[in-house]
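To start, the structure under review is shown below, and the notes come after it.
The values are calculated or read from the model by the stated rules, or taken from the named source; none is laboratory data. Since the model is a prediction, treat every value here as computed from it, not as a measurement. Counting neighbours? That spans all protein chains shown, and the Cβs are built from the backbone with ideal geometry, glycine included. When the accessible area is computed, the model is the full protein with side chains, heavy atoms only, and any ligands, DNA or RNA have been set aside. Shrake-Rupley method; radii C 1.70, N 1.55, O 1.52, S 1.80 Å.
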Amino acid sequence: MRVLAVCAVPREADALRGLSNASIIIGGVGRTNAAMATTRALIEGGSFDAVLSLGIAGALPFDGDPLKLGDVVLATESVYHEEGLITPDSFLDTSQMGFPLGDFEGNNIPGSPALIERFDGIGVPGRVATVATCSGSDAAASQVVRRTGAIAEAMEGAAVLHVASAFSCPAVELRVISNTTGERDAQVWALDEAFSVLHGLVPELDARLQDG
């Protein structure tokens, strides 16, 4: 399989060096940078069999067993957090407003079922929120969970999958937990460990991508 791997920052891309038959691009931080970089790569880079949004993420305070630093998350859906309308009583996504973002449900862009099956067992399955503003307070982190049902947050995944869907290319997001979210002064970070785990995924990703 020929793969487009989209990262935000150089350390993520460096961790993925050695990924076979892959074009690894550094798109920049945030959904706009990610969308532009993915679009350009899919137009100029020839045909790809899969697009992967790869990098680090923050763990959210969802109900259930908490994610640990260094855990891998396989995104079943990549979810835009901000797009919609805030009312005094609720949040309405763009589909509920009558202006859908695409041919998917609300703000939730599903990962490719075939790729999710291919990567089954590599990480914890769950939604990953794509945020424009990271959660630096308990209230902000809880709001992301309530609105998206996500177990982790990052800043690019939904945009990468959104562009890939427009090109009819299978895509999925994979993240390594590098930090907790919530009150900024109480957050715990392990960037070096997260990048090491990301690098350690390369042989398994290779094996899964080339199998069949």
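What to note about this one:
- Among residues of region 73-101, those that are within 18 Å of the chain's Cα centre (by Cα) and either farther than 23 Å from LEU174 by Cβ or among the small types (Gly, Ala, Ser) (or both), counted: 2
- Region 118-163, residues that are part of a strand (DSSP E or B), open to solvent by 20 Å² or more (accessible area, probe 1.4 Å) and in contact with an Asp or Glu (Cβ under 9 Å, 6 or more places away or on another chain): VAL124, ARG127
- Taking first residues from region 36-60 that are among the β-branched types (Val, Ile, Thr) and modelled with pLDDT of 95 or more and partners that are surrounded by 22 or more Cβ atoms within 10 Å (Cβ to Cβ) and assigned to a helix (DSSP H, G or I), the Cβ contacts under 6 Å between residues at least 6 apart in sequence or on separate chains come to THR38/VAL160; THR38/VAL163; THR39/VAL163; VAL51/ALA164; ILE56/ALA194.
- Among (1) more than 16 Å from the chain's Cα centre (by Cα); (2) closer than 22 Å to ILE109 by Cα, the one test that GLY55 misses: (1)
- Qualifying residue in region 15-33 (condition: open to solvent by less than 20 Å² (accessible area, probe 1.4 Å) and assigned to a helix (DSSP H, G or I)): yes
- For region 72-108, a residue qualifies if it is more than 22 Å from ALA140 (Cα to Cα) and either part of a loop (DSSP other than H, G, I, E, B) or in contact with a His (Cβ under 7 Å, 6 or more places away or on another chain) (or both), and the qualifying residues are GLY98, PHE99, PRO100, LEU101, GLY102, ASP103, PHE104, GLU105.
- Failed item in (1) in a loop (DSSP other than H, G, I, E, B); (2) surrounded by 18 or more Cβ atoms within 10 Å (Cβ to Cβ), with PRO61 passing the rest: (2)
- Any hit, region 76-86, residues being farther than 30 Å from VAL197 by Cβ, open to solvent by 50 Å² or more (accessible area, probe 1.4 Å) and in contact (Cβ under 8 Å) with a residue 12 or more places away in the chain: yes
- The single condition among (1) in a helix (DSSP H, G or I); (2) under 27 Å from PHE48 (Cβ atoms); (3) open to solvent by 70 Å² or more (accessible area, probe 1.4 Å) that GLU193 does not meet is (2).
- Output for region 102-116, where each listed residue is among the hydrophobic types (A, V, I, L, M, F, W, C) and modelled with pLDDT under 95: PHE104
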